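Take a look at the structure set out below.
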Amino acid sequence: MRSAKLQRLELEEGQLKQEQKAQLEAFQQAQANLKWFIEHHGQLQDQYPNRLVAVYKGKVVATARLKDFLALLRRLDRKGIPRSAVLFEFIYAKGEEPNLIFAAA
């Protein structure tokens, strides 16, 4: 018969493995969302200029003006889409992308 301490440790180990699996899946989903966004950026600029887009599982699931971000979050909630699994990006109109300047230290 196994001791209570050993059983507790085995349970904790199982829970930790489940948490690690969930974190890995979330990371992989984030990578997939970002990859899809990069690959479709030009199309997104044509379709959603000066809009905030929410990307989930390889598609745009919601858009909004930047000032309506909270309404966009509520739409995701109504659709049952977990916010933590969504990539949010602002799409600048073509030719209006900001110039980023990096200073070398």
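The values are calculated or read from the model by the stated rules, or taken from the named source; none is laboratory data. Treat the numbers as computed from the prediction; the structure is a model and nothing was measured. Glycine gets a Cβ as well: all are built from the backbone with ideal geometry, and neighbour counts include every protein chain shown.
In the set Arg83, Arg75, only one residue is of a type in the set (D, E, K, R), without any contact (Cβ under 8 Å) to a residue 60 or more places away in the chain and surrounded by 13 or more Cβ atoms within 10 Å (Cβ to Cβ); that residue is Arg75.
Test of understanding: among Phe27, Phe37, which residue is surrounded by 10 or more Cβ atoms within 10 Å (Cβ to Cβ), aromatic (Phe, Trp, Tyr) and over 14 Å from Lys59 (Cα atoms)? It would help to see each step written out before you state the result.
Numbers: Phe37 fails: over 14 Å from Lys59 (Cα atoms).
It is Phe27.
So how many residues does segment 51-72 have that are free of Cβ contacts under 8 Å to residues at least 40 places away in the same chain, over 20 Å from Gln28 (Cα atoms) and either surrounded by 16 or more Cβ atoms within 10 Å (Cβ to Cβ) or of a type in the set (Asp, Glu) (or both)?
Qualifying residue count, segment 51-72: 6.
For segment 86-100, the condition holds for no residue, the condition being that it is part of a helix (DSSP H, G or I) and of a type in the set (S, T, N, Q).
Can you spot a residue in segment 79-94 that is in contact with a helix residue (DSSP H, G or I) (Cβ under 9 Å, 6 or more places away or on another chain), farther than 23 Å from Ala30 by Cα, among the hydrophobic types (A, V, I, L, M, F, W, C) and at pLDDT below 95? Checked against the condition, which is being in contact with a helix residue (DSSP H, G or I) (Cβ under 9 Å, 6 or more places away or on another chain), farther than 23 Å from Ala30 by Cα, among the hydrophobic types (A, V, I, L, M, F, W, C) and at pLDDT below 95, segment 79-94 yields at least one hit.
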